[in-house]
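The values are calculated or read from the model by the stated rules, or taken from the named source; none is laboratory data. The shown structure was predicted, so the numbers you read here are calculated from the model rather than taken from an experiment. Neighbour counts are summed over all protein chains in view; Cβ atoms, including those assigned to glycine, are modelled from backbone coordinates with ideal geometry.
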Protein chains: 4
Amino acid sequence: MPANKVKKKFIAVIGGSQCTLQEAKLAEEVGRELARQGAILVCGGLGGVMEAACKGAQAEGGMTIGVLPSDIRSSANPYVQIPIVTGMGYARNVIVVKSAQAVIEIGGAYGTLTEIGHALQSGMPVIGLNTWTLSRNGQVDTAIVLAQNPEEAVRKAMVLTTT
Amino acid sequence: MPANKVKKKFIAVIGGSQCTLQEAKLAEEVGRELARQGAILVCGGLGGVMEAACKGAQAEGGMTIGVLPSDIRSSANPYVQIPIVTGMGYARNVIVVKSAQAVIEIGGAYGTLTEIGHALQSGMPVIGLNTWTLSRNGQVDTAIVLAQNPEEAVRKAMVLTTT
Amino acid sequence: MPANKVKKKFIAVIGGSQCTLQEAKLAEEVGRELARQGAILVCGGLGGVMEAACKGAQAEGGMTIGVLPSDIRSSANPYVQIPIVTGMGYARNVIVVKSAQAVIEIGGAYGTLTEIGHALQSGMPVIGLNTWTLSRNGQVDTAIVLAQNPEEAVRKAMVLTTT
Amino acid sequence: MPANKVKKKFIAVIGGSQCTLQEAKLAEEVGRELARQGAILVCGGLGGVMEAACKGAQAEGGMTIGVLPSDIRSSANPYVQIPIVTGMGYARNVIVVKSAQAVIEIGGAYGTLTEIGHALQSGMPVIGLNTWTLSRNGQVDTAIVLAQNPEEAVRKAMVLTTT
């Protein structure tokens, strides 16, 4: 039987390559919870939020994919099991998003904005932990689904995944 | 003498491929003003804000570059003089931004967010007309330079251009 | 211990999305042999040579990665376990190559030429089964390492992998 | 009237960033001839064949576009008038090809192979001056149109351009 009939869910975890300790803690717990629920973690493969999430996923036996901006395989954080080497710089952000079926955003670097934009544009669910609030003309955009903690973020992501 | 010693400024105009009449009017006037000041307009090459800006620039004898997402040359709006055909979908957004020295954002589609993110991440000035407001933890991010009208937007873009 | 300390080798299998039965047979056997030797198969994720290689790898319990040109996850052949969704068209060819440490070419569509070029340019070993011969000014370029059969191709690829 | 109703032809000139003096001479003459015939030159924006072609085109008043691999605007050779800044590394090769309507290849670096592949795959005419010969199973692929000199290369490119 073809392997991809047994559908694993691919969830992206997005955030800065530099982050606060609190963000790292949230990311690691998101990674752990994704692994426990059988999801495959997709990220940008570098440090900060990405590394913490991969570390958490791996600790629970989960699989981790890192879509790297440079063309240097070893630029991946040590918890990336599947490095995808693009050499395309920040153009790789769109691949991180498209390779997932839901996106969990932690914190809010500017690169994260590009990924929120790509996800919302293609109708992919974005779950935010401590992330950007977007508004226009005084009205808050409610497209980002807020979560209060890692467990809630993963639960919502698993439910909202696109096909 | 090498041509690029005579420095023309490249300014990107960004916004939805669908837009309100008011946004189209703003975009056309931005395009006109850019041409009057000798800047070269870079955009995503499609309709809406992009088309209106190109139309304005061309009316004043300016040059227009459209970085297209599809691999179909004729998908460019009729006012694009230099179509750059990428076939890379929304990954082309990063090229629109990087090929410019300042970005003027009009309105606020989700694709625009990706371009704001790419620009701010690389330290490029972003001038906003009617665009997104970004905030975190209740604090508004002030990286986007606001302008009240097309003339002010172009003036600020011309002054703030990076090299 | 970080997972990527246990180094799996990533080998790309490249060839047309349409192919002869003989090429498909070669590709399937290459996939089987890669899996037996513990390598992870990277390919463009579509039909023809790519599908046959993935089918072979999966039959032996190997892991398969498909770097897709479109933004449609379900465009992957049914033996792709890890679909990487780029939406970048043929620009994704460079990612297939860079994500591997050696490339096995089977047959010779024009798209394959782009991948041979990217690989040789970056100093990555290319092993050819039934593939292009390149020459300039009457002199054959010997950069492509020839193999007579799938087993030899995989053996050479495993030995020549870059880090 | 929309500007792009007045159709200028876009022709790519492709070749190594390092080249022989003879190749540089051929490239410069190709650039001159393209400008004389009113075509717009597209290239990868760097040195060698690309710089010589741009220099020739500019000497005759032609327009030159350079699609750069890095994200550094000033990496363009001094004869590039329109730098397109991709930051995508060699993935930009596909943009050079797609933004043209015919390709003239001079000499034969490995990067050139990627561009020949992209062009032939999409049915775009490739005119070769001193370039690769491709063969399979002892049979030469005749898809590359050979030219004996710059004037013949440009004449053939102008006639064969796709729409």
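Remarks
- For region A:63-90, the set of residues classified as within 10 Å of chain C (Cβ to nearest Cβ), part of a loop (DSSP other than H, G, I, E, B) and in contact with a Gly (Cβ under 9 Å, 6 or more places away or on another chain) consists of A:Ser70, A:Asp71, A:Ile72, A:Ala76, A:Asn77, A:Tyr79, A:Val80, A:Gln81, A:Thr86, A:Gly87, A:Met88, listed by residue number.
- When residues of region A:91-111 are limited to those that are in contact (Cβ under 8 Å) with a residue 40 or more places away in the chain and at the interface with chain B (Cβ under 7 Å from one of its Cβ atoms), the one nearest to A:Pro150 (Cα to Cα): A:Gly108
- Output for region B:133-144, where each listed residue is touching a Gly at 6+ places or on another chain (Cβ under 7 Å) and surrounded by 15 or more Cβ atoms within 10 Å (Cβ to Cβ): B:Ile144
- When C:Gln121 is tested against (1) in contact with a Cys (Cβ under 9 Å, 6 or more places away or on another chain); (2) facing chain D (nearest Cβ under 8 Å), only condition (1) is not met.
- Breaking point among (1) assigned to a loop (DSSP other than H, G, I, E, B); (2) over 11 Å from the mean Cα position of the chain (by Cα); (3) over 22 Å from D:Val96 (Cβ atoms), for B:Lys8: (3)
- Close pairs (9 angstrom Cβ cut-off, 6 or more residues apart or separate chains): more than 14 Å from C:Ile14 (Cβ to Cβ) in region C:116-135, among the acidic types (Asp, Glu) anywhere: C:Ser122/A:Asp71; C:Thr133/C:Asp141; C:Leu134/C:Asp141; C:Ser135/C:Asp141
- Only residues that are touching a residue at least 60 places away in the same chain (Cβ under 8 Å), surrounded by 20 or more Cβ atoms within 10 Å (Cβ to Cβ) and not in a helix (DSSP H, G or I) were counted in region A:17-43, giving 2.
- Residue count for region C:120-137 under the criterion of being in contact with a strand residue (DSSP E or B) (Cβ under 8 Å, 6 or more places away or on another chain) and farther than 16 Å from C:Met50 by Cβ: the result is 11.
- Only one entry in A:Lys156, A:Lys98 is at pLDDT 95 or above, charged (D, E, K, R), within 14 Å of the chain's Cα centre (by Cα) and surrounded by fewer than 24 Cβ atoms within 10 Å (Cβ to Cβ), namely A:Lys156.
- Out of B:Glu105, B:Glu115, one residue alone is among the acidic types (Asp, Glu), part of a helix (DSSP H, G or I) and under 30 Å from A:Gly87 (Cα atoms). It is B:Glu115.
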